[in-house]
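Bear in mind these aren't lab numbers, they're just calculated from the coordinates by the rules spelled out. Computed from a predicted structure; not experimentally measured. Cβ placement follows ideal geometry from the backbone for every residue including glycine, while neighbour counts extend to all protein chains displayed.
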Amino acid sequence: MEWAVSSKKRHSLRVLFVDDENSIAELMRSELPRMGHTATVRQSPGAAIEAIQKNVFDAAIIDLRMPGGSGWDVIDYLREHCPETVCVISTGHGDRDDAIRAIRMGAYDFLPKPVSLFEISNVLDRIAEKKSLQNKTRALEGRLQRVEGRSDLIGTSASMLRVQKLIDRIAPTDSAVLILGETGTGKEMVARRIHEQSERRAEPFVAVNCGAIPENLVESEFFGHRKGAFTGADSNRAGLFEVANGGTLFLDELGELDKSMQVKLLRFLESGEVRRVGDNEPFHVDVRIVCATNRELQQMVQEGRFREDLYFRINTFEIYLPPLRERLDDIPQLALHLIARHLKRDVVFPEMLPAETIRVLQSHRWPGNIRELANVLEHALILSDGQAIQPADLPRSLQKSSSQEPAVAEVAGTIPFAASGTSVVSGEPRTLRQMEEEMILRVLEKYHGDKPQAAKELGIALKTLYNRLSQMTGHRFAG
């Protein structure tokens, strides 16, 4: 049959089919799932309304004349309690007046009996497309509210070229992706680029910060809820998984999820099914999950704060996004891009950033990463009146750190250790990288080689510490 062999990607709908004829009811119980939809079949208006009270439906195909009531009763109930359900009338007794009444009541289509399976499949495809467009609109509204920029990955450093190469490999698949990196490094940009290079690019990209949702509303935000499911649930609401159906759901700051929601996320990853709060029956959605965190999930697993089985589920493919201090060569190109975005131009000339200004920018450690750089440049553009940015236009904190650069290693306390383990002679010229290595070795010495403790005191991710150590040869902490 056509719906079984069609190459077009189908969106699964939750369909309520109401008809008193046994042969038609049994046929639809088997054929609707073959079309790719979830079917609930009822043979009387009363039974249909009971089903609506327990579950939310995307579409309802309703016969008008049945023993014990009328299909209009079901339509009236849906109109009042579930206005998002798309109604289709199918009847062998309809006339012009019924058709006009159906239109006035907001019915999506009117199908005179006998109705072929092809007609039913076709109307459900059109409803699925309508639902998909609604989800895209909701996702777009969320994007506009955040006033986000384009998903450009700026930089030609070796680390960023490696990130882009990984994106190119994983984007065409449907595998789960875990993006690691410090706050402000652009993890959402990477997730968006994965979506834009995937076959799901025409479907919604929905981003959510797991740490920004109140704990008592997380389940409702993710999975949606029925009207009356809890105090304040005044209407049925689609959850983020449902809005992202067919596309990509980006879960930022995943480490902030509590254990109960970790269980529900794991259940979805294993079954592909979600259930609205207050619903009895789950339904299937087709969503690719991309996660991100600045937490050390492996350490959280060891401490019992993150489920190990969920960690392995989401970590099919890992992308590490380096902090800005590890890609200082990208700062000129990245800064020009941020300036152009702020000035709402396609491009700005390199003269906007004189060499001395670039030197100051590259001497800063950027604890806030790209987000901090964007704020610094916005500050500087205000002072420069949109002209070339001079060092004096930068925040005082950057100017001060640049002028005191030789003293950076002294800030942390006593005389640091050199790569050999011996003390450094005061006044000996050293590069910023040498001072950084000395600081790492001194803290490792303090904690007798305990890398997680050292990373915590240094204020860097454990993965960053390992990367630094792999670049440092000839010392006993390399392994």
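Treat the stretch 324-403 as a sphere of radius equal to its Kirkwood radius over Cα pairs and apply Stokes-Einstein at 4 °C in a medium of 1.567 mPa s; give the translational diffusion coefficient in µm²/s, rounded to a whole number.
Numbers: Rh = 12.4 Å.
D, rounded to a whole number, is 105 µm²/s.
For residue 54 and residue 27, FRET efficiency with R0 = 22 Å and r from the beta-carbon atoms, rounded to 0.05?
On the way: r = 24 Å, r/R0 = 1.08.
Computed FRET efficiency for residue 27 and residue 54: 0.40.
Mind giving me the nanometre distance, one decimal, between the label points for residue 258 and residue 315, set 7 Å out from Cα along Cα→Cβ?
With each label point 7 Å from Cα toward Cβ, the separation is 2.5 nm.
Strictly over 29 Å apart at the Cα level, which of 187/344; 131/165; 113/136 would you flag in this model?
Numbers: 187/344 23 Å; 131/165 34 Å; 113/136 34 Å.
131/165; 113/136, as the Cα separations exceed 29 Å there.
Relative contact order of the stretch 2-130: what whole-number percent is it, with Cα pairs under 8 angstrom and at least 6 residues apart? Mind dumping the intermediate values first?
Values: 199 pairs, mean separation 31.0, N = 129.
Taking the mean separation of contacting Cα pairs over the length of the stretch 2-130, I get 24 percent.
By count of other Cβ within 10 Å, fewest leading, how are 363, 121 ordered?
Values: 363 16, 121 22.
Least to most surrounded, the residues fall as 363, 121.
Quote the convex hull volume per residue of the stretch 2-130, based on C-alpha atoms, as a whole number of Å³.
Numbers: hull volume 12.3 nm³, N = 129.
Normalising the Cα hull of the stretch 2-130 by residue number yields 95 Å³.
Which log10 I(q)/I(0) values does the stretch 201-349 give at q = 0.09, 0.15, 0.18 Å⁻¹ under the Debye formula, counting every alpha carbon as one identical point scatterer?
Debye intensities relative to I(0), on a log10 scale: -0.39, -0.88, -1.09.
Just to confirm a number: summing +1 for Lys and Arg and -1 for Asp and Glu over residues other than residue 106 whose beta-carbon lies under 14 angstrom from that of residue 106, what do you get?
0
Fewest to most neighbouring Cβ within 10 Å: what's the order for 87, 210? Working shown, then result.
Numbers: 87 25, 210 21.
By the 10 Å Cβ count, ascending, the order reads 210, 87.
Evaluate the Kirkwood expression for the hydrodynamic radius of the stretch 191-246, namely the inverse of the mean inverse distance over all pairs of different C-alpha atoms, and round to one decimal in Å.
Evaluated over the stretch 191-246, this radius sits at 12.7 Å.
Can you give me the P(r) profile for the stretch 15-59? Cα pairs, bins 5 angstrom wide beginning at 0, each as a whole percent.
6, 24, 33, 24, 13, 1
So, in nm, how far is label residue 84 from label residue 344 when the simple model puts each one 7 Å beyond its Cα toward the Cβ?
Rounded to a tenth, the inter-label distance reads 3.4 nm.
Arrange the following residues from fewest to most other Cβ atoms within 10 Å of their Cβ: 76, 19. Could you put the intermediate results ahead of the total?
Working: 76 14, 19 25.
The order, fewest Cβ neighbours first, is 76, 19.
Once amide H atoms are placed 1.01 Å from N in the peptide plane, what residues at a sequence separation of 5 or more from residue 109, or on another chain, have their amide H within under 5 Å of its amide H?
89
Taking 22 Å as R0, compute the FRET efficiency from the Cβ-Cβ separation of residue 453 and residue 298 and round it to 0.05. Don't jump to the answer; show the numbers that get you there.
Details: r = 15 Å, r/R0 = 0.68.
Working from the Cβ atoms, E equals 0.90.
What's the center-to-center distance, using Cα atoms, between the stretch 217-241 and the stretch 310-326 in Å?
When both Cα centres are located, 31 Å separates them.
What FRET efficiency comes out for residue 134 versus residue 158 if R0 is 30 angstrom and r is the Cβ-Cβ distance? Round to the nearest 0.05.
My answer for the efficiency is 0.10.
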